[in-house]
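Peer 1: Handing you a structure now.
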Amino acid sequence: MKKRIELKKELLYLGLITLVTIYFAYSTHVPNMTYMLSGVLGILLILTWFLKSFMMYSGRKVSQYSEVIQRISIKERFFTYFVLPVLFYTSLLLFIYFNTSFVMDMVLILFSTILILVLFLNVKSSFRKIYIIEAQTRAIFDFICIASFYMLASVIIRVGIEMWFSLLLLFVMSTILFWSDIKIHRHESLFSFVIALASAMFVCAASGIFFNTNIFIIPAISTLSFYLILSIWNIRFSGKLKLVDYLPPFIYSILALILILKL
């Protein structure tokens, strides 16, 4: 009998998160300090869904003759299933707070809602061992990392702090997100950490070159360099070794760079 994923509870949580986020966006455009409460409520809703799903679906019986429940290690998935979603939602709230266009807020909330729904689907299918769905939706973590990086980079640039402090924040942020990708693929090691640091330095160098441009180009360039590294990693993690397999990310990045610089 095939397992099916029902998303009724997920859609309920998603609807509440969306309403709370819309209220947060509205509150930042009017003299209303309740936006902080709505932001905290949105984070709590996300954490509640993950914790409840972990308790309901992450366990399995040791055998059919035993009532002992063996659970998936929360330590192994804590960063991926708890820290990363909160980081993504927090970056969304920060971006909305510093953004001046309510219409753009709504577009961003819609896009983020879709990402969170796919994330819920991936996590639930993983807990319930429906590996086909999990494999088909695994790229959601890359989208979340890239979206989080772009929104946080945009916030850092819009705040208007000094260049070297901004680059330091970008370095720390990109290191955390690169390390999250390493944890997703379960390749944690000292060498991987060094590679993550070197990759973060590359992102900072690319950002520093264009730091004297406008507030739209800098986060776009930073995110493009972040995407390039992440794409190369994913190709390597998939076991591909041919040079031709690594060409598409470079081609896409060059074309995107040309379009960005023409803006």
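The numbers here are math on the coordinates, done by the rules we state, and not lab data. For clarity, every value in this text was computed on a predicted model and none was experimentally measured. Cβ placement follows ideal geometry from the backbone for every residue including glycine, while neighbour counts extend to all protein chains displayed.
Peer 1: Mind putting a number on the dipole of the chain about its Cα centre? Charges go on the C-beta only, +1 for Lys and Arg and -1 for Asp and Glu, and I need it in Debye to the nearest 20.
Peer 2: 1080
Peer 1: Taking the Cα centre of segment 139-263 as origin, work out the dipole magnitude from +1 charges on Lys and Arg Cβ and -1 charges on Asp and Glu Cβ, in debye rounded to 20. It would help to have the intermediate numbers written out before the result.
Peer 2: Working: 7 positive and 5 negative charges, 40 e Å.
It comes to approximately 200 debye.
Peer 1: Which percent of Cα pairs goes in each bin when the distances of segment 139-263 are cut into 5 angstrom slices starting at zero?
Peer 2: So the P(r) values, bin by bin, are 2, 11, 22, 23, 21, 13, 6, 2, 0.
Peer 1: Right, here's the next one. Just to verify a number: FRET efficiency for LEU7 and LEU37, C-beta to C-beta distance, R0 = 25 Å, to 0.05?
Peer 2: Details: r = 28 Å, r/R0 = 1.10.
Working from the Cβ atoms, E equals 0.35.
Peer 1: To the nearest 0.05, how large is the calculated FRET efficiency for LYS242 and PHE79 if R₀ is 51 Å and r is the Cβ-Cβ distance? Kindly include the intermediate steps, with their values, before the conclusion.
Peer 2: Numbers: r = 31 Å, r/R0 = 0.62.
The pair LYS242/PHE79 has a calculated efficiency of 0.95.
Peer 1: Take ALA256 and PHE143, extend 7 Å from each Cα along the Cα→Cβ direction, and tell me the distance between the two endpoints in nm.
Peer 2: 1.5
Peer 1: A further question follows. Which listed residue (ALA139, VAL155, GLY42) has the Cα farthest towards the positive end of the charge dipole for the chain, taking +1 on Lys and Arg C-beta and -1 on Asp and Glu C-beta about the Cα centre?
Peer 2: Checking the options against the dipole of the chain, the answer is ALA139.
Peer 1: Along the charge dipole of the chain, Cβ charges K/R +1 and D/E -1, which of LEU259, ILE221, SER126 sits furthest on the positive end?
Peer 2: SER126
Peer 1: I'd like the distance between the alpha-carbon centres of segment 92-151 and segment 187-211, rounded to an integer number of Å.
Peer 2: Going from one Cα centre to the other spans 23 Å.
Peer 1: Note down the nm distance, to one decimal, between modelled labels 7 Å out along Cα→Cβ at ALA135 and at VAL103.
Peer 2: Distance between label points: 4.4 nm.
Peer 1: Please give the contour-minus-distance gain from LEU51 to PHE165: 0.36 nm per residue of separation, less the Cα-Cα distance, rounded to one decimal in nm. Walk me through the numbers on the way to the answer.
Peer 2: Values: separation 114, 0.36 × 114 = 41.04 nm, distance 3.55 nm.
Extra length available between LEU51 and PHE165 comes to 37.5 nm.
Peer 1: Summing +1 for each Lys or Arg and -1 for each Asp or Glu, what net charge is found among the other residues whose Cβ lies under 13 Å from the Cβ of MET151? Before the final figure, lay out the partial values.
Peer 2: On the way: positive: ARG158; negative: ASP105.
Neighbour charge sum, excluding MET151 itself: 0.
Peer 1: In nm, to one decimal, how far is the PHE216 label point from the HIS187 one, both placed 7 Å along Cα→Cβ?
Peer 2: Each label point lies 7 Å from its Cα, and together they span 3.5 nm.
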